[in-house]
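A short write-up of the structure that comes next.
Computed from the coordinates by the stated procedures, all read-outs in this text should not be read as laboratory data. In this text the structure is predicted, and so the values were computed from the model without any measurement. Please note: Cβ atoms are built from the backbone with ideal geometry, for glycine as well, and neighbour counts cover all protein chains shown.
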Ligand code: IVH
C-alpha cells in the first residue's frame with residue numbers, strides 16, 4: 001500500500017509492530033465481511049494487506065503471531081453453524097411458465113389419481129415468496145430449533161437467529177406436541193432500503209436485493225446482528241407432525257394462523273384452472289405494491305388426503321407447482337463470445353456483454369447455450385427467434401429468471417452494426433487443442449481430451465470436492481484452481497488430494513509457508529482430507545462426475561449395488577450384462593448406463609478411479625429405510641384393472657415401499673397383483689408358482 005515501508009527495509013521491531021497492525025486490520029475486515037455481511041474494504045485492498053502480512057512473515061518467520069491472519073483463509077460463515085438433519089426432507093417445487101404447463105399439471109394429477117376431467121379438484125393459490133426457506137421445530141409448544149433448507153436433508157442450525165424474528169413465535173399454545181412449521185424468511189422493501197441506506201452511510205457493503213439481504217442476515221454467527229436486521233416470515237407448509245393440522249391445505253394454514261403465524265393474505269382457494277389463472281393475474285397485478293419480492297404463484301392440491309396419495313418425486317411434490325412470473329429482461333451489446341469447457345467437455349459459448357442492470361443485478365456474461373442457438377435454430381434445425389442469428393456487436397435482449405444464469409433471448413437486427421462479426425464455433429478445444437466433436441443427436445460440441453484436458457480435469461476436481469460430493473473443508477473451487485497450477489504440490493487428479501500431506505512432507509517449501517497458508521490452516525486441511533478417507537458409496541459415485549449421473553442417480557446406484565466392489569464388478573464385466581443390470585434399476589436409463597460403462601472402459605478414467613479408490617474406505621450403502629415394509633425387495637407385477645388407484649399410483653406406492661415393479665411375469669416375479677379382468681399374466685403366474693393377490697389384499701399389504 002502507498003506509504004507503507006517496503007518489507008525488505010523493515011527492522012525486526014518495525015516488522016513486529018507492522019504484523020500487529022495488519023492482524024488488527026485484517027481481523028476487523030474479516031469480521032465485517034463474514035459476520036456482518038458488510039465489508040469495510042475492497043477485496044483488492046484486503047488481498048494487498050494479506051500479501052504484505054505474508055511477505056513479512058516469510059522474512060521474519062519467528063515473529064509470526066499465534067493468530068496469524070494467514071491462517072484465516074476463506075472461512076465461510078456456514079462453517080460456524082451446527083447442522084440439523086431434517087426429519088422430513090425439505091423439497092423444492094417444479095415450475096410452470098404458462099397456462100399450458102398448468103393444464104398439464106392438472107391433467108397429470110387427474111391421470112395419477114384416476115379422476116375424470118370434470119371431477120372437482122381444488123387448489124390453493126398463494127404468492128411464491130422470494131426469500132429463503134426455514135423449518136421451525138416446536139415440541140410441547142416451544143421452539144426447539146430452526147434450520148435452513150441446506151441440501152434438503154441437512155440444514156444449518158440458525159435457531160438463535162430465527163428467535164429474533166418477530167413473526168416467529170417462541171411459544172405456541174394449543175399446538176400439536178410435535179409441530180414443524182415451514183415457510184419463507186424474507187425482507188420487506190422498506191426494511192431493505194433502510195438497511196442499505198445505513199450501510200451506505202457507514203461505508204459498508206450494500207446488498208444487491210432483498211433476498212440476498214435476508215439470506216445474509218439470517219445466516220449470521222452473531223444473533224445480535226440478525227436482530228438488528230428486520231426480517232419477516234410467512235408460514236406455508238409443515239414437516240413432521242404428531243397430529244394432522246386439518247383435512248385441507250386451507251384448514252391447515254388457518255390452524256397455523258390461529259397458532260400465531262403469518263399466512264400470506266393473498267392465499268385463495270381455486271376451483272379449477274380458470275380460477276387459478278385469475279388468481280395468478282390478480283397476484284401479478286398487485287406484485288409491485290406488496291412491499292416484498294415474490295417471483296410467482298404456488299398452487300397446491302387442497303385435499304390433504306390427495307396430497308398424501310400423490311406423494312413426491314425425487315426432489316419435488318406431485319401435488320404442488322410454482323407458476324413463475326416472466327423473467328426480467330434488458331437490452332445490451334455483445335462485445336465478444338468466449339468458450340468455456342465444462343466438466344463433461346461441453347464447449348459452452350458465453351456472451352461477454354456491455355454490463356447491464358437486469359432486475360437489480362449487474363450482468364456482464366450470459367449463456368448462449370450452443371452453436372445452433374447462436375445461429376438461430378434448435379438442435380433439430382427448426383428456427384428459433386424466427387431464425388435470427390447472433391453476431392458479435394449485436395444488440396441483444398438478456399433475461400434472468402430467479403437465480404439462474406442470465407441468458408441471451410433475442411437480437412435486434414435493425415440495430416446490427418455493419419461491422420458485426422460472425423462467430424466461428426471452434427472445432428478443437430480452446431483449452432487443450434483436442435478435437436471437439438458433436439455426436440449425432442447431441443446439441444453440444446464436446447472436447448474429446450477427457451482427463452488430458454486441463455479445463456475438464458479442473459472442473460472435475462471442483463465437482464469432486466463440492467458440497468454433495470467429498471465436501472473437503474478448506475478445499476473449495478478457488479483452492480483447487482491454485483493447487484492445479486502449483487508446480488511443487490500439484491493436485492491434478494482426485495487421488496492427488498489424498499497424497500498431498502505425504503508429498504508436502506517431502507517438499508522443501510512446505511504448504512504452511514506459502515502465501516495464503518499457515519501452520520493451522522495447512523494442518524486443518526490435512527485433517528479435513530483425512531476425514532474423507534472414509535466415504536459413503538453414493539457420495540463416491542456422485543463425486544466421480546460421470547456424465548448423466550447426478551445425485552439422485554448416485555443414490556439409486558449405491559442402493560442397488562450396496563458395495564463399491566459390486567458396482568465396479570458390474571461396470572467392468574461384460575457390457576451387455578452390465579447394461580441389463582443397470583437399466584433394470586428404476587430411474588436408470590440406457591443413456592446413463594452407457595455413460596457409466598464408457599467411463600469404466602476408458603483406460604485413463606479407470607486408472608484415475610482405481611488410484612483414488614486405493615486411498616479410500618468406501619462405506620457400503622445403508623439399507624433403504626423402507627426395508628421393514630412387507631414388500632421391500634420384492635419384484636411385483638400388476639395386471640388387470642385396479643379400481644381404487646391408478647397403475648401409476650400403485651407403481652409409485654410399491655416403489656416408495658422398496659419394491660421393484662416389472663412389466664411381465666417371470667421366474668423372478670415374487671408377487672402378482674391381479675385386478676379386475678386379469679388374464680394371461682395371472683395364468684402364467686400360477687403356472688410358475690408365483691403368489692397372486694387381489695386388489696383388496698394389495699391395499700391391506702400397503703396399509704392403504
Ligand atoms: S411450498 C414441498 N409455498 O420456493 C414444497 N414454497 O422453488 C414446499 N417458496 O423451497 C414448498 N413461497 O423455499 C411453498 N408459498 C410457498 C412458497 C414456497 C416460496 C419457496 C420455498 C421452496 C421454493 C421452491
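The table for this structure:
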quantity	calculated
Residue-span extension gain [residue 262 to residue 643] - 0.36 nm each, minus C-alpha spacing	133.0 nm
For segment 461-547, convex hull of alpha carbons as volume per residue, Å³	88
Zone residues, segment 556-570, relative to residue 610, backbone N less than 16 Å from point 7 Å out along Cα-to-Cβ	565, 568-570
Stretch gain in nm, segment residue 499-residue 204, where the contour uses 0.36 nm per residue and the Cα spacing is subtracted	102.0 nm
Convex hull of Cα atoms in segment 176-296, direction-averaged projection (nm²)	9.5
Spatial extent of segment 474-616: Rg and Dmax, with the Cα atoms as the point set, Å	17.6, 53
Förster-model FRET efficiency, 45 Å R0, residue 352 and residue 21, C-beta, rounded to 0.05	0.65
Square roots of five times the Cα gyration tensor eigenvalues for segment 166-233, Å	28, 12, 10
Gap separating the Cα centres of segment 573-641 and segment 678-704, nearest whole Å	28
Antiparallel %, DSSP beta bridges [both residues in the chain], to 5	80
Estimated FRET transfer efficiency when R0 is 30 angstrom, pair residue 414-residue 287 (beta carbons, to 0.05)	0.45
Rg to Rh, two decimals, where segment 367-432 supplies the alpha carbon set and Rh follows Kirkwood	0.99
Folded to 0 to 90 degrees: helix 590-601 orientation relative to the chain principal axis, Cα	50
In degrees, nearest ten, helix 12-30 long axis to first principal axis of the chain (Cα)	30
Nearest-0.05 FRET efficiency for residue 108 and residue 365, computed from C-beta distance (R0 30 Å)	0.25
Ranked by how many other beta carbons lie within 10 Å on average, peptides 604-615, 512-523 from highest	512-523, 604-615
Ascending count of other beta-carbon atoms within 10 Å, so fewest first, for 637, 588	588, 637
More than 16 angstrom apart: percent of Cα pairs within segment 321-419	57
Residue 63 paired with residue 704, simple spin-label distance in nm, labels 7 Å along Cα-to-beta-carbon	7.7
Inter-site label distance for residue 506 and residue 85 at 7 Å from Cα along Cβ, in nm	4.0
Between helix 99-113 and the chain: long-axis angle, C-alpha atoms, 0 to 90°, nearest 10	50
Rg/Rh for segment 549-704, where both radii come from Cα atoms and Rh is the Kirkwood radius	1.06
Dimensions (Å) - the chain, Cα atoms, principal axes, largest first	95, 65, 62
CD proxy at 222 nm, helix term only [per DSSP H run n ≥ 4: -39500 (n - 2.57); per residue of the chain; nearest 500]	-10500 deg cm²/dmol
Segment residue 451-residue 492, extension gain: residue separation times 0.36 nm, minus the distance between their alpha carbons	13.8 nm
